[in-house]
Amino acid sequence: MPAIATLGSHCALQVLKGAKDEGLKTILVCEKKREKLYRRFPFIDELILVDSFKEILEKKCQSTLEQNDTVLIPHGTLIAQMNSEEIESIKTPVFGNKWILRWESDRVMKEKLMKEANLPMPTSVLEPKDINKLVIVKRQGAAGGKGYFLVANEDDYNTKRNQLISEGVISKDETLYIQEYAAGVLAYLQYFYSPLKEELEFFGVDQRHESDIEGLARIPSEQQLKSNKVPSFNVIGNSPLVLRESLLEEVYNMGENFVDAAKKLVAPGMNGPFCIEGVYDENAKFTSFEFSARIVAGTNIYMDGSPYYSLLFNESMSMGRRIAREIKIATESNQLDRITT
Ligand code: AMP
């Protein structure tokens with residue numbers, strides 16, 4: 001059986017605990033500064049200590065992974081800390097589809113895939129001069145909402161952008177992406193697609209808690225207006241949500257459309273965990289502003305199994321464990337190459 005490895009951050013604990021529960025060897029690529037934290041967890045069999053996660057591309061690290069027949073589980077930290085070329089050059093087999101991670105990081109490609117999947121999206125605005133309603137300005141990649149800002153016109157855009165540049169939050173030559181602000185109840189829909197079973201599973205829903213935007217919502221508007229800080233959408237944590245059951249049919253449809261679109265645009269498709277992120281408006285109409293083409297940290301709230309997976313499995317099944325289960329089944333049936341890239 002292969003060993004399971006991941007980077008020490010994001011959802012590493014859940015991924016490795018799930019792998020251990022499935023009887024697989026676990027390896028953590030761990031920054032030296034976090035060694036003490038991760039040593040607390042007995043289900044981590046081996047730590048590869050690094051100064052930076054990029055060392056995963058170096059021979060030394062790769063040969064340890066190779067000796068253990070490792071499958072690497074990608075998550076948000078991999079995308080945040082490495083560019084697409086680096087990720088694609090990883091020699092260790094990556095669970096899911098490493099080629100689709102480029103489509104997650106690049107806003108133009110992302111929009112193309114979401115359109116192909118027929119996901120209802122907020123309109124994007126190409127030039128700051130065209131801003132004529134409330135928009136959110138976003139960075140590329142998996143920035144986790146840090147440095148995002150809200151504006152309603154070009155002047156506002158320039159002022160806030162300049163402020164964030166001078167504060168060192170964003171850089172001057174960074175290409176920003178502008179999208180209409182969609183108001184409603186946040187819902188991050190978490191799925192798993194198994195190419196072995198050719199079946200889509202709906203795992204759960206989470207909401208993100210983001211600072212400082214949430215903190216601002218707790219004080220009167222008078223005080224909000226006095227703050228001269230540009231509020232960010234930096235994710236601090238997640239909490240669970242269950243949907244009205246009448247919404248589930250559309251949730252499955254969106255997931256299936258996404259899987260179909262990915263199959264068309266980026267071989268071998270959307271295998272493994274993914275997430276469609278958006279809001280439900282007052283008519284329960286969903287607008288999606290993002291997707292993640294790998295496990296999301298919001299699945300950490302269901303380390304002991306999610307409400308929807310308790311309908312599918314008669315055992316505690318986290319997303320980390322579901323991944324390990326897929327790897328086990330694929331290995332036993334000699335199909336590992338169908339679920340890794
Ligand atoms: P993202 O990196 O796109 O997931 O965005 C980070 C956070 O910004 C999300 O969790 C939302 O709170 C917020 N956000 C992003 N895009 C939009 C949008 N178009 N409308 C409303 N909120 C958004």
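Overview of results
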quantity	calculated
Probe 1.4 Å, all protein chains present, accessible-area order of Val235, Val242, largest first	Val242, Val235
Cα gyration tensor shape for the range 124-180, rounded if a/c is under 1.5, else prolate or oblate	oblate
5 angstrom amide H check on Ile48, placed H, neighbours 5+ away	Leu28, Val29, Cys30
The range 108-228 - accessible surface per residue (Å², probe 1.4 Å)	53
Residue-level accessible surface for Arg39, protein heavy atoms, 1.4 Å, Å²	140
Mean residue ellipticity (222 nm) of the chain, computed from DSSP H runs ≥ 4 via -39,500 (n - 2.57), nearest 500	-9000 deg cm²/dmol
Intensity falloff of the chain expressed as log10 I(q)/I(0), Debye formula with alpha-carbon point scatterers, at q = 0.07, 0.15 Å⁻¹	-0.29, -1.34
Karplus (6.51, -1.76, 1.60) ³J(HN,Hα), θ = phi - 60°, over the range 273-290, in Hz, Gly and Pro reported as x	x, 7, 9, 10, 10, x, 9, 9, 8, 5, 9, 6, 8, 8, 10, 10, 9, 6
Under-5 Å amide H pairs with His209, H placed in peptide plane, nonlocal only	Ile236, Gly237, Asn238, Ser239
Heavy-atom accessible area ranking, 1.4 Å probe, most first, across Lys60, Lys98	Lys60, Lys98
More than 22 angstrom apart: percent of Cα pairs within the range 168-306	49
Global geometry of the range 56-199, whether rounded, prolate or oblate, following the gyration tensor of its Cα atoms and the 1.5 cut on a/c	oblate
Peptides ranked, highest mean first, by Cβ atoms within 10 Å: ranges 188-196, 28-36	188-196, 28-36
For the range 66-100 and the range 176-220, distance of Cα centres in Å	23
Ranked order, Asp69, Asp130 - accessible area, probe 1.4 Å, largest first	Asp69, Asp130
Choice from Thr26, Thr92, Thr175 with maximal GNM fluctuation in the chain (Cα, 10 Å cutoff)	Thr175
For the range 4-95, fraction of C-alpha pairs farther apart than 17 Å, in %	42
Cα gyration tensor, the range 235-341 - rounded (a/c under 1.5), prolate or oblate	oblate
Length released on extending from Val108 to Asn334, taking residue separation times 0.36 nm less the Cα-Cα span	77.7 nm
Share of carbon and sulfur in the accessible heavy-atom surface of the chain [1.4 Å probe, %]	49
For the chain, built as a Gaussian network whose Cα springs stay under 10 Å, the top-fluctuating residue of Asp51, Asp21, Asp206	Asp51
Ala187 long-range amide H proximity, modeled H, under 5 Å	Gly278, Val279, Tyr280
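The values are calculated or read from the model by the stated rules, or taken from the named source; none is laboratory data. Keep in mind it's a predicted model, so treat the numbers as computed, not measured. Positions of Cβ are backbone-derived with ideal geometry, glycine not excepted, and every protein chain shown enters the neighbour counts. For accessibility, only protein heavy atoms count, side chains too; no ligands or nucleic acids. Shrake-Rupley method; radii C 1.70, N 1.55, O 1.52, S 1.80 Å.
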